[in-house]
1. Please compute the modelled spin-label separation between residue 608 and residue 273, points set 7 Å along Cα→Cβ, answer in nm with one decimal.
2. Of all the accessible heavy-atom surface of segment 267-315, with the other protein chains kept in place and a 1.4 Å probe, what percent is carbon and sulfur?
3. Let me cross-check residue 579: its accessible surface, 1.4 Å probe, with only protein heavy atoms counted, in Å² to the nearest 10?
4. How much length, in nm to one decimal, is gained on full extension between residue 60 and residue 98, taken as 0.36 nm per residue of separation minus their Cα-Cα distance?
5. Starting from the amide H of residue 163, placed 1.01 Å from N in the peptide plane, find each other amide H under 5 Å away whose residue is 5 or more places distant or on another chain.
6. I'd like the distance separating the alpha-carbon centroids of segment 771-835 and segment 105-137, in whole Å.
7. So, for segment 761-801, what is the accessible surface per residue at a probe of 1.4 Å, expressed in square angstrom?
8. Treating only the Cβ atoms of Lys and Arg (+1) and Asp and Glu (-1) as charged, compute the dipole magnitude of the chain about its Cα centre; round to the nearest 20 debye.
Amino acid sequence: MSESLAVRSAAVPVASDRSGALYEALQALADRAERLARTQPDEEAVLTAVRHLPAQAARYAPMPAWVRPELVAAYRAKGIEQLYTHQTAAIEQVRAGRHVVVVTPTASGKTLCYNLPILNAVLENPDTRALYLFPTKALAQDQLVELEDLSRRLEHAFAVYTYDGDTPADARRAIRQKSHLVLTNPDMLHTGILPHHTRWTRLFEHLRFIVLDELHMYRGVFGSHLCNVLRRLRRIARFYGSAPQFLCSSATIANPGELATRLLEAPVEVIEENGAPTAEKFFLFYNPPVVNRRLGIRRSYLDESARVAQEFLRRDQQTILFANSRLHTELLLTDLQQAQPAPPGAAEPVRGYRGGYLPGERRAIERGLREGRIRGVVATNALELGIDIGSLDVAVLAGYPGTIASTWQRAGRAGRRPGASCAVLVASSAPLDQFIIRNPDYFFGRSPEHAYIQPDNLEILVNHLKCAAFELPLSPEETFGRVDLTELCERLAEAGFLHFSGGHWHWTQEAYPADAISLRAVTSDNFVIVDTTGEPEVIGEVDFPSALTTVHPKAIYLHGAEQYHVERLDFAERKAFVRRVAADYYTDAIRYTEVRVLDPAAEARLCRPAPAGGSAPPAPLPALRAWGDVTVRSQVVGFKKIKFFTHETVGAGKLELPENEMHTTAFWFTLERPLLTALPFSVSERQAGLYGLLYALESVATLLLMCDRRDIATAMGERPPAPGARAAVRTPSAPAGVDRCFPQATHIEAAAPHELSPTVQEFFEPNLYLYDAYPGGIGFSEPLYHHWEDLLRQTRQLIAACSCAFGCPSCIGPVGEDQPHARQAALALVDRLLG
């Protein structure tokens, strides 16, 4: 059984009535977990970990003597008379002219580390300019409030404005001329500032500081893009005669110095000794009980997360419940609002918060949390970062966020006031969730993951090189990453993008390159959602790929715990027209995905390792590994109707939406016929094992690549016997009457792997694809090609370690009861591939 959660006043003193209520909720949660554990066949623990993190006192340092007296007075008026030790260390490094990254926990006062020295420099020289970069517009708005307050206290000695897509056109000229501090985001810098640098002459001529907030967010695709944006920024700054100093901050990351050095391409001083006080915190790991041992099915983690949150809300503990998707946010919000109804005439005490809500609505929710009027909020990662929402008591995480760093970031949203707080991680049945929840020492004893970027990936770098040429002509003597700039420019000239004249490469196209390049691997082409129940009213927006699955015709769109029926999707005007309804179900789209190989970059046959000490060469196996360019086509062809609370499918429908096409890169295994026929399983069992193996490969690849699960995707299909050959396949999970031909690979979302088995023919020589879910690829396929043995070995470990009978969502994904040998088949396949 797990560690006891009995809370004894002698061991943990109750500091206040609020703390007493928190402890009461913890004890109730522990009692419930004990009762649930007794229902398990082997009394498997529901609470797998309970960690008590004691409070720590603050360590202070005096305000440096060089800080101007009016700035000291302004901070004193805000209640800050002395600094934490890490704040003093940081501002002294900034004063010395060094690039700095501050890495301390949430709510430790990191913003002062860059605000104080920047404002001091502006007071010393009013020509000084600073550029603040935040990963989201919401964070910039939050920081604007803090800086405007300081500006008022300093009698408006400096001007500060946000500059993003919401900034009115008539205000932009004034901001360019008057603002000392410009608050923006990498996307706006990329598309709205750098390409128009001639309008920002005053900023670039006097640019002294650049702030990178939430550094840990700049990893993978986003970080690789940002590094190239910063290359362009420094290039333009040099043109105007400035060399800005970078001030970075991060909450939880293991290699901040390495990441900052890669992003800035310059040495960085790391400040990570935290001097801020920390309040007492309890951290609980909650694993929903198993309800079907043979299938490995657990109670719904969404339902259990809602029940955990209710334990705290009914005791008036201000609670944030994190969900990992917009859909789950709305489902959990519906549950909590029904369990915690508002008194007649009063506002809802529990609200939702996610992307797609309009800015005014989000600001009102943030204000309600700070003022305490809103007692609970269900949010996506939109509230994970440092937006000021006051001091919460409890953070409940519905599912593992994907990284240890994000888990601590979300847990840190609770506990910003003196007194105890609590964080509860409720695991889903996903493989990563079960690994973390069953191995708490891995989570608590291991440093957060390292963040990596690949800024010199040609797919990304060449796009930014086009932008750089548009902004300023390129010289052959310049450097832009670790690539041969002259060779790339010659290639771009051959393609008609550049022209060499006067010793420089000049942009020749009429197109505006930055506008076609997304920094976040999503299109900027959004759909506006219009409510037509009464007077037409815009209630939200959604990006193009998500629109096809969330606001397709006949979908139930969830917004603010209310249901809207989608009447029409207007592709020409990019609008979705919805009508408010009272439905007892929601919809989940069914999407077909088709992969076609365009150009293999490398291919090799797998070989059985040579015997130790022997002279015999490695024996070839009937399997190949390869990576290269592919085309991925996807189409939403139907949807399921799923009831609230019971989550049972109550209907389905067919759709005819446009097909999307994406050129990307993929890694794949080809399993030849001798390997499959040697397996002691039936055709259907082999196919179930193949889908299960692909499911497990995707989970392990996410760990190996340290990337988001959405950065890679999977598909499976038969290798055609000849170029252009097509294999006709009927798929039972498709809506009635839907037939498709799949020339290379197929994958169907919103369907279990056992439902995907074709009924016409066996995949005799299947290709198992893992592809970059990003146009042009993001560099994940080639590393998988080179580290294929690690991928297979850890996949085997994941499947073999699971305690289920024949496959479950925690190892090879959901399988049907008619496939009792799916797990054994997946293990046999891995063993054959490893030789």
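The values are calculated or read from the model by the stated rules, or taken from the named source; none is laboratory data. For clarity, every value in this text was computed on a predicted model and none was experimentally measured. Heads up, the Cβs are rebuilt from the backbone with ideal geometry, glycines too, and the neighbour counts pull from every protein chain shown. SASA here: full protein model, heavy atoms, side chains in, ligands and nucleic acids out. Shrake-Rupley method; radii C 1.70, N 1.55, O 1.52, S 1.80 Å.
1. So the two model labels end up 5.9 nm from each other.
2. On the way: 890 of 1890 Å².
Roughly 47 percent, rounded to a whole number.
3. Rounded to the nearest 10, that gives 100 Å².
4. Working: separation 38, 0.36 × 38 = 13.68 nm, distance 2.27 nm.
Net length gain for the segment: 11.4 nm.
5. The list, which skips near neighbours in sequence, is 183, 184.
6. 47 Å
7. On the way: 1550 Å² over 41 residues.
The answer is 38 Å² per residue.
8. Value, rounded to 20: 1040 debye.
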